[in-house]
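This is the structure I want to talk about, given as structure tokens.
The values are calculated or read from the model by the stated rules, or taken from the named source; none is laboratory data. For clarity, every value in this text was computed on a predicted model and none was experimentally measured. Cβ: placed from backbone, ideal geometry, glycine included. Neighbour counts: every protein chain shown.
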Amino acid sequence: MNPSTSVITVRGLHFGYNKNQKILKQLNLEVPPSSIYGFLGANGAGKSTTIRTILGLLKPQLGQVQIFGEEVRFNRLSALKNVGALIEAPSLYRHLSGYDNLRITCQYLGLPKSRIGEVLEMVNLQHAATKRAKQYSTGMKQRLGLAVALLSDPEILILDEPVNGLDPTGIIEIRNIIKGLHQRGKTIFLSSHILSEIEKIATRVGIIKEGTMVFQGTVNELQQLKSSSLNVKVLVNDSQKVENVLNGSHKYQILDKNQIELTLEDQEQLPIIIRNMVNKGIDLYEVIPQRNDLEKLFINLTSNEPS
Amino acid sequence: MKTAAPIFIRSLTADAIKLKRTPILWIALLGGLFVTGLVFLIHYFSVNEILKPDTNPWIFYCNFGMTFVSLLLVVPFVVLVSSSVMFPEHRAESAKYLYSLPLRKSQFYFSKLVMVLGIIALTYLIFFTGHLLSGWLLGFLRPQYGFHEYAPQTGHFAKILFHSYLSVLGVAGLHYWLSVRWKNFIIPIGIGLCGYIISVILSMVQRWDMAVYFPYAYPGMVGNELGMGDSAGLIPIGWFNNVELFSVGFCVLFAMIGFIEESNRNVK
């Protein structure tokens, strides 16, 4: 992707809270305009650190962060002009109403009060505007945080784990709001450790592992990765005999006396192996292709153990 | 469309909204009225021993009030106000949100400092008004003391209270920094308590040469000398004195140290 077309560009980012600690290592990331960028990683992989560095809350040791071509480190104000952010649990003044929480940001940014009603409607919180934030449920707090981020009508929304701790209804509500915002042309940068969540809405995915990007591309490109290998479970009368047939030429795992799982480089190998098994007198009961789904791929990509 | 109000005024308004439903304004009101109530009761019950006959009772009443405020109220009060103003920010973990807005960090930092100094000034104003009203009431309840025979010394009273206010700015600047720095308000309050005790000890042993470098001692020094007329080692410099100028200097110094630290900190 041409960097000039990206709304967020991160290059060679290094960050640690001290010299010996390396939370982000040579991190590169590009968010195209009008996309929903799903930023995936296991807990502790460096997602929140990356987001805080993008927003200028953390100062990187090395590397560049640009938003609309403006370097955040040196032009923080102009870089953040079109950004709305919700970082983990929203920063709400719990003793104040939802309306007053929004009024505070309106004051800071010099926005008209009429925006408050508009954003409350967008997140479906009009009915709770006068209620104190401490009386809100977790989902309502999250939606209020989203409303605060939307007040300035930003072109980019950066959301750090926005569905964390929400019940299924809350997750669906937030997902629908994000989809709606995307339809209005907003670019959304969304972090999560839940692949299924990202899979449902993201147009582009980045996967971080131990502070380094291990994958970046479209959801289709991610799916192509998974289809390069094929896992097959074979039900036979004796797994040990199958082992002799394979003779170390393929990866396999004996599940029990009658089941064995094969990992094949391509599907052309499957009929050859089956023919060999039949020729060696093995009784074959069933051949079940295993779904190498994104969840598995995600675990493979982010796990510390060799796959 | 953006509103046209200057950016700093907008920040102050935002900070004022945050005071809603907090006890901070009540603390300011009760702080001011508590001391005036105490001074009123002392005079009501033992005025014969305190006030001299055939002199303007307002002068002594106001001086006594100012000394009382300076010695008893201001240091613990300033510590409490600074911590209370910052508490909602720490609880909301607002730094991660505020510092991701396209606004300068100085806007948040100095607006809050002005808010703290404004609340302290408001307490002085409440004390000023309450004290004059209590003197007027004392004139009714104890007419023999002559409060209604003399004009209240409002100008004099405002002047000595202003001196007292200046003397507290050093502690205010220090405690604002400490409150921004530490989420746990027990730490600034603990430091404030220690500072207050040391200032009382310095005052008791009259080591003004040391006290002049210790901001916690300034309100007591100014209260003693300008209120009760006891020498507290103040050196007049024009309309002000050395302690007041030190106090303002320390306020600026601590506020700037706090700002530099806050600007450079990583928001985790």
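Please go through region B:69-101 and pick out each residue that is over 22 Å from the mean Cα position of the chain (by Cα) and facing another protein chain (nearest Cβ under 9 Å).
So in region B:69-101, the residues over 22 Å from the mean Cα position of the chain (by Cα) come out as B:90-101.
Residues satisfying the conditions are B:91, B:92, B:93, B:94, B:95, B:96, B:97, B:98, B:99, B:100, B:101.
May I pose another question? For region A:37-117, list the helices (runs of 4 or more DSSP H) that sit wholly inside it and hold at least 1 residues that are among the charged types (D, E, K, R) and over 22 Å from residue A:137 (Cβ atoms); which are they?
Details: elements: A:47-54, A:76-79, A:98-109.
By residue number, A:47-54, A:76-79.
Among the residues of region A:25-36 satisfying the criterion of being out of contact with any helix residue (DSSP H, G or I) (no Cβ under 6 Å at 6 or more places or on another chain), part of a strand (DSSP E or B) and on the phi < 0 side of the Ramachandran plot, which is surrounded by the fewest Cβ atoms within 10 Å (Cβ to Cβ)?
Taking region A:25-36 as the starting set, the residues that turn out to be out of contact with any helix residue (DSSP H, G or I) (no Cβ under 6 Å at 6 or more places or on another chain) are A:25-35.
Filter again for part of a strand (DSSP E or B), leaving A:25-31.
With on the phi < 0 side of the Ramachandran plot added as a condition, the list becomes A:25, A:27-31.
Numbers: A:25: 17, A:27: 24, A:28: 15, A:29: 20, A:30: 21, A:31: 24.
Once the filter is applied, the top-ranked residue is A:28.
Does residue A:254 count as more than 20 Å from residue A:41 (Cβ to Cβ), surrounded by 12 or more Cβ atoms within 10 Å (Cβ to Cβ), at pLDDT 85 or above and not assigned by TED's automatic domain parsing to the domain that holds residue A:21?
On the way: more than 20 Å from residue A:41 (Cβ to Cβ): yes; surrounded by 12 or more Cβ atoms within 10 Å (Cβ to Cβ): yes; at pLDDT 85 or above: no; not assigned by TED's automatic domain parsing to the domain that holds residue A:21: yes.
Answer is no for this residue.
Further question: Inside region A:127-137, can you point out the residues that are part of a helix (DSSP H, G or I) and exposed (fewer than 14 other Cβ atoms within 10 Å of the Cβ)? Outline the logic, then answer.
At the first step, the residues of region A:127-137 found to be part of a helix (DSSP H, G or I) are A:127-128, A:133-135.
Within region A:127-137, A:127, A:134, A:135 qualify.
Within the set of pairs 6+ apart or on separate chains, which have a first residue in region B:245-256 that is free of Cβ contacts under 8 Å to residues at least 40 places away in the same chain, a second that is among the aromatic types (Phe, Trp, Tyr) and assigned to a helix (DSSP H, G or I), and C-beta atoms under 7 Å apart?
Note: no pairs meet the criteria.
Separate question: Looking at this structure, is residue B:19 loosely packed, with under 15 Cβ neighbours inside 10 Å, more than 9 Å from every other protein chain (Cβ to nearest Cβ) and modelled with pLDDT of 90 or more? Break it down stepwise before answering.
On the way: loosely packed, with under 15 Cβ neighbours inside 10 Å: no; more than 9 Å from every other protein chain (Cβ to nearest Cβ): yes; modelled with pLDDT of 90 or more: yes.
Answer is no for this residue.
Counting just the residues of region A:75-129 that are hydroxyl-bearing (Ser, Thr, Tyr) and in contact with a Ser or Thr (Cβ under 7 Å, 6 or more places away or on another chain), which one comes out farthest from residue A:150 (Cα to Cα)?
Step one: list which residues in region A:75-129 are hydroxyl-bearing (Ser, Thr, Tyr), which gives A:78, A:91, A:93, A:97, A:99, A:105, A:108, A:114.
Next, from what is left, pick out any that are in contact with a Ser or Thr (Cβ under 7 Å, 6 or more places away or on another chain): A:91, A:97, A:99, A:108.
Numbers: A:91: 14, A:97: 17, A:99: 14, A:108: 14 Å.
So the residue we want is A:97.
Within region B:44-62, is even one residue within 12 Å of chain A (Cβ to nearest Cβ), small (Gly, Ala, Ser) and assigned to a helix (DSSP H, G or I)?
Narrowing region B:44-62 to residues within 12 Å of chain A (Cβ to nearest Cβ): none.
There is no residue in region B:44-62 that is within 12 Å of chain A (Cβ to nearest Cβ), small (Gly, Ala, Ser) and assigned to a helix (DSSP H, G or I).
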